[in-house]
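What follows is one structure encoded as structure tokens, with my remarks underneath.
The values are calculated or read from the model by the stated rules, or taken from the named source; none is laboratory data. As the structure is a computational prediction, the values presented were derived from the model and not from experiment. Here the Cβ positions follow ideal geometry from the backbone for every residue, glycine too, while neighbour counts run over all protein chains shown.
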Amino acid sequence: MNKSRLSLAVALSLAIATTAYAQSAVTSGSAEGRATSATEMQGMKSTTSTNAQANATANADARATMEKIKQKGATVSADARTRAEAKLDASAKSVNDQAKAQGDAKVAGRLAAEFKMTAEQLTNEKNELNASWGELMIAHSLVANSKTDLTASQLIELRNETGWGQIAAGMGLKLGETVSAVRAESRVANGLATADGKVAAIHGEGARAGLGVNAGVGAASGVGTSNANAAANAGVGVGIKIKP
């Protein structure tokens, strides 16, 4: 074999070896990539499973709390509950009527400012829950005042099972003050009072820090310390007087 043929053979061998090595590297890289993807997928599945379990637990806890509220509220005088519910429903209706007359945007803006949300958030919540403005107003007023971790969405769900009077009483909020607070918030929604971001306080054993929303959100509430002492000794308020 002459030198030229030998050089050609060596070059050909090197080319074949280089190609084989490149193919091996690609194959190895692909295998490593598949292994990494499989690991990532497994991690994603594990995270999804953990989140699903956490959500299931949270939902079960919320449902248990809702059942306790229903049971506790049912022990309150039926007459007191009925009268409170009639007045709460009347406040809700006035807000719904105002939304029809002035438009959803105005009512959404007023309530959003009062509950420290955006009008878009509140509107989306209304649409998702298929709730009325009046129902949202009551739900957020109760949530703001209550020590429970229930959301407005969960209260709307509970409202489909029982009345607002039973819900408020079951949350440990005084019915008379609940009626007054919701009436005050309806004035805001209807444009008869200016939103100040301070939801009207409701007292009772289930009230946040014994003082309603203003104690829980901030001290600049206008609720004095003398009221705090009175609220600390207040009960659920089954013997309340509901003003006409």
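Key figures
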| read-out | value |
| --- | --- |
| Residue check, Ala86 assigned to a helix (DSSP H, G or I) and in contact (Cβ under 8 Å) with a residue 40 or more places away in the chain | no |
| Check on Ala38, crowded, with 17+ Cβ neighbours inside 10 Å and modelled with pLDDT under 95 | no |
| Residue that is surrounded by the fewest Cβ atoms within 10 Å (Cβ to Cβ), among those in the stretch 146-182 that are assigned to a helix (DSSP H, G or I) and free of Cβ contacts under 8 Å to residues at least 40 places away in the same chain | Ser153 |
